[in-house]
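Worksheet: the structure to be examined is printed underneath.
The values are calculated or read from the model by the stated rules, or taken from the named source; none is laboratory data. Everything numeric in this text was worked out from a predicted model, so none of it was measured. Glycine also receives a Cβ, built like all others from the backbone with ideal geometry; neighbour counts cover every protein chain displayed.
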Amino acid sequence: MDDYQVSTTPPKRSIWLRVLLMLVLALAFHLCGTVLLFVALIQFVLSLLNGAPNARLQRVGFSLGRYLQQLVNFLSFASEELPFPFSDWPSAG
């Protein structure tokens, strides 16, 4: 008989690799916070000028928020799924 067993759980990664990934993704979190600040300021100015928020910037903000959620989930060990750039960018829909 076969001694080969199929595992449905993903293989555990080294804790040191996770530390390295956490450092890289913490930098991405900081960068996204800065981008979000600029998106919010631009959206505020456009809302003042046009009387309504910009739909494209709303989608950018929503997708950025979902990405930040994925980052927080990975950094807090709530998820083992790696966010962008190791997976697809979250959709805005």
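Give the range 34-81 a look and list any residue that's among the hydroxyl-bearing types (Ser, Thr, Tyr) and farther than 30 Å from residue 12 by Cα, or say none. Break it down into steps so the answer makes sense when it comes.
To start, the set of residues in the range 34-81 that are among the hydroxyl-bearing types (Ser, Thr, Tyr) comprises 34, 47, 63, 67, 76, 79.
Residues satisfying the conditions are 34, 47.
Sort out which residues of the range 43-93 are among the small types (Gly, Ala, Ser), within 17 Å of residue 30 (Cα to Cα) and touching a helix residue (DSSP H, G or I) at 6+ places or on another chain (Cβ under 9 Å), and write them in order of number. It would help to see each step written out before you state the result.
Restricting attention to the range 43-93, the residues satisfying the condition of being among the small types (Gly, Ala, Ser) are 47, 51-52, 55, 61, 63, 65, 76, 78-79, 87, 91-93.
Imposing the further condition that a residue be within 17 Å of residue 30 (Cα to Cα) reduces the set to 61, 63, 65, 76.
Matches in the range 43-93: 61, 65.
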TODO: Kindly list, by first and then second residue, each pair from a residue in the range 29-42 that is touching a residue at least 40 places away in the same chain (Cβ under 8 Å) to a residue that is surrounded by 11 or more Cβ atoms within 10 Å (Cβ to Cβ) and of a type outside the set (Lys, Arg), limited to pairs with Cβ atoms under 9 Å and residues at least 6 apart or on different chains.
DONE: 29/68; 29/71; 29/72; 29/75
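Would you confirm, using the coordinates I've provided, whether residue 65 is at pLDDT below 95, among the small types (Gly, Ala, Ser) and surrounded by 11 or more Cβ atoms within 10 Å (Cβ to Cβ)?
So residue 65 fits the description; yes.
Let's see how each residue does on (1) among the small types (Gly, Ala, Ser); (2) at negative phi; (3) not in a helix (DSSP H, G or I):
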site: 12; (1), (2), (3): no, yes, yes
site: 20; (1), (2), (3): no, yes, no
site: 23; (1), (2), (3): no, yes, no
site: 28; (1), (2), (3): yes, yes, no
site: 31; (1), (2), (3): no, yes, no
site: 34; (1), (2), (3): no, yes, no
site: 38; (1), (2), (3): no, yes, no
site: 43; (1), (2), (3): no, yes, no
site: 46; (1), (2), (3): no, yes, no
